[in-house]
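To keep things clear, I will list the structure first and then write my remarks on it.
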Amino acid sequence: MIFETERLIVRKLIKEDLLPLHEMQSNPKVMQYATGEVKDLDAHRIELNDLIAKYSLPKNDFWIYAIERKLDGEFVGTVALVKDEGDDEIGYRFLERYWNNGYATEICKGLIKYAKTIGMEKLIGYVVDKNIASAKILERFQFKVVKRFISEDIQLPETKYELYL
């Protein structure tokens, strides 16, 4: 376990996460504000194996973890802590059927607490402007707008937020 919240556990990805990971990342609604790209099962199998392999790299700076519910151990999404030009970027993504349960707010709160415990000084988050719910979450936790731009990958207006811990 990496960290936990009231209802959720954040842990390393495992091979058994393939089918729910694929369900999440092949859903155009989930991916519309991320890469915009959906992939097939084989591509997700390769991606999952690559993400798992990164855990053992000595200088890894790209951490993607599984989020599961304490209630039943169900995989509900992923959370990311990655280096972006020296900044510590956070991100999270959930299976559509788990939207509107307050999990994103809960995981963001948990990420902030976890980041403080491991000595991070600042977090950043990128949100596509149409993703109003995600922007509200970052603003609720006092993230400040630092830059507005058009995203390179999906060509949509996007905002960069930061929070000093």
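The values are calculated or read from the model by the stated rules, or taken from the named source; none is laboratory data. This structure is a prediction, so every number in the text was calculated from the model and none was measured. Note that we place each Cβ from the backbone using ideal geometry, even for glycine, and neighbour counts take in every protein chain shown. Side chains are part of the model used for accessible areas, which takes the heavy atoms of the whole protein and leaves out ligands, DNA and RNA. Shrake-Rupley method; radii C 1.70, N 1.55, O 1.52, S 1.80 Å.
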task: Please tell me the relative contact order of the chain in percent, rounded to the nearest whole number, where contacts are Cα pairs under 8 Å and at least six residues apart.
output: 19 percent
task: First obtain the Kirkwood hydrodynamic radius of region 61-122 from its Cα pairs, then insert it into the Stokes-Einstein equation at 20 °C and 1.002 mPa s, and state the resulting D in µm² per second as a whole number.
output: 173 µm²/s
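Rounded to a whole number, what is D in µm²/s for region 108-161 from Stokes-Einstein with the Kirkwood radius over alpha-carbon pairs (25 °C, 0.890 mPa s)?
206 µm²/s
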- line: Judged on accessible area alone, 1.4 Å probe, highest first, W99, W63 line up as W99, W63
task: Send over the Kirkwood Rh of region 1-111, from the inverse of the averaged 1/r over different Cα pairs, rounded to one decimal Å.
output: 14.3 Å
query: Rounded to the nearest 500 deg cm²/dmol, what is the calculated helix-only ellipticity per residue at 222 nm for the chain, with -39500 (n - 2.57) per DSSP H run of length n ≥ 4?
result: -9000 deg cm²/dmol
query: At a 1.4 Å probe radius, carbon and sulfur cover how many percent of the accessible area of the chain?
result: 51 percent
- line: Around P28 (Cβ within 11 Å, Cβ-to-Cβ, excluding P28; K/R +1, D/E -1) the net charge comes to -1
- prompt: Between Q32 and Q155, what is the label-to-label distance in nm when each label sits 7 Å out along the Cα-to-Cβ direction?
  reply: 1.8 nm
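Quote the FRET efficiency, to the nearest 0.05, computed for S56 versus Y98 with a Förster distance R0 of 45 Å and r equal to the Cβ-Cβ distance.
Details: r = 29 Å, r/R0 = 0.65.
Computed FRET efficiency for S56 and Y98 comes out at 0.95.
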- prompt: In whole Å, how far is the Cα centre of region 100-118 from that of region 71-88?
  reply: 10 Å
- prompt: Going down the table (K70/K130; K70/K160; K29/K130; K29/K83), which pairs top 20 Å between alpha carbons?
  reply: K70/K130; K70/K160; K29/K83
- prompt: Of all the stretches in the chain, which is the longest one without any exposed loop site, taking GluC sites (Glu not before Pro) in a DSSP loop (any state but H, G, I, E, B) with at most 14 other Cβ atoms within 10 Å?
  reply: 38-73
- prompt: Per the Cauchy relation, a quarter of the hull surface: what is the mean projected area of the convex hull of the alpha carbons in region 57-161, in nm²?
  reply: 7.7 nm²
